[in-house]
Amino acid sequence: MADKRCENGHYIDESWDLCPYCPQDPESEVAVVRPARSRTDVPSAAAAAVPPVPRPLPEPVAVRMAPENDAPAERTVVLRSAENETQPRRYVVGWLVGLNGSARGESFPIRMGRNVLGRDRRADVFVNDEQASSHHADLVFRPEEGRYILMDHNSTNGTYVNEAEIEPRRDLAMRDIVRIGGHRFLFVPLCSGETMWDSEGALQ
């Protein structure tokens with residue numbers, strides 16, 4: 001049972017402000033009877049005075065817009081150094097032709113200066129043989145003398161020309177057979193004392 005009474009003695013709910021049983025003044029507006037709001041629902045004056053904390057806006061991202069009159073980006077240009085211009089070109093002066101194994105029928109150009117023979121894939125003449133060293137031998141062409149000189153590079157299994165081991169070097173002649181491990185190569189020269197590349201790049 002409700003404990004609250006109105007002015008006329010009617011028992012009403014504690015949350016009601018007006019008694020629904022009491023007669024109302026006909027000239028007044030019809031009262032709307034509804035439960036009063038609980039204290040927890042009514043904001044305090046201090047809370048109402050505090051404005052809501054606005055949510056922070058995301059920081060703006062600076063985007064640089066290229067002006068319409070910007071010049072196009074310059075292209076990278078590779079400049080040749082003076083050192084490369086002065087170095088002589090390594091023209092082909094002969095060949096080693098594979099006679100057996102994985103190199104059979106393949107030709108390897110011999111150029112001016114030093115040519116490396118070995119199992120290293122960066123070698124001028126790649127010898128795919130387990131008995132070959134990474135840097136097994138050097139084949140040097142001397143244009144001033146017209147000589148092809150084969151030199152063993154202190155290899156473990158040695159270097160052979162016409163089945164004779166070189167100690168430690170030997171000049172090569174037309175159709176000499178060079179053997180490194182189990183691989184044999186036929187030597188075919190292009191230049192000699194009578195045929196040579198001139199300074200203009202022509203074969204004389």
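The values are calculated or read from the model by the stated rules, or taken from the named source; none is laboratory data. Quick caveat, the model's predicted, so the values are computed rather than measured. Reconstructed Cβ throughout: ideal geometry from the backbone, glycine too, with neighbour counts over all protein chains shown. What goes into the accessible areas is simple: the full protein's heavy atoms, side chains included, and nothing from ligands, DNA or RNA. Shrake-Rupley method; radii C 1.70, N 1.55, O 1.52, S 1.80 Å.
Taking segment 161-181 as the range and being open to solvent by 40 Å² or more (accessible area, probe 1.4 Å) and assigned to a loop (DSSP other than H, G, I, E, B) as the test, the residues that pass are Asn162, Glu163, Glu167, Pro168, Ala173, Met174, Arg175. For segment 182-191, a residue qualifies if it is part of a loop (DSSP other than H, G, I, E, B) and open to solvent by 50 Å² or more (accessible area, probe 1.4 Å), and exactly one does: Leu190.
Only one of the numbered conditions (1) at pLDDT 90 or above; (2) open to solvent by 30 Å² or more (accessible area, probe 1.4 Å); (3) over 34 Å from the mean Cα position of the chain (by Cα); (4) within 24 Å of Asp171 (Cβ to Cβ) is not met by Glu144, and that is (1). Scanning segment 135-160 for residues that are assigned to a loop (DSSP other than H, G, I, E, B) and either at negative phi or of a type in the set (D, E, K, R) (or both) turns up His135, His136, Pro143, Glu144, Glu145, His153, Ser155, Thr156, Asn157, Thr159. For segment 123-134, the candidate set comprises residues that are without any contact (Cβ under 8 Å) to a residue 40 or more places away in the chain and over 16 Å from Phe108 (Cα atoms); within that set, the residue that is most open to solvent (accessible area, probe 1.4 Å) is Ser134. Taking each residue of segment 184-204 that is at pLDDT below 80 and looking for partners that are surrounded by 14 or more Cβ atoms within 10 Å (Cβ to Cβ) and assigned to a strand (DSSP E or B) with beta-carbon atoms closer than 8 Å, six or more apart or interchain, yields Trp197/Val93; Leu203/Trp197; Gln204/Trp197.
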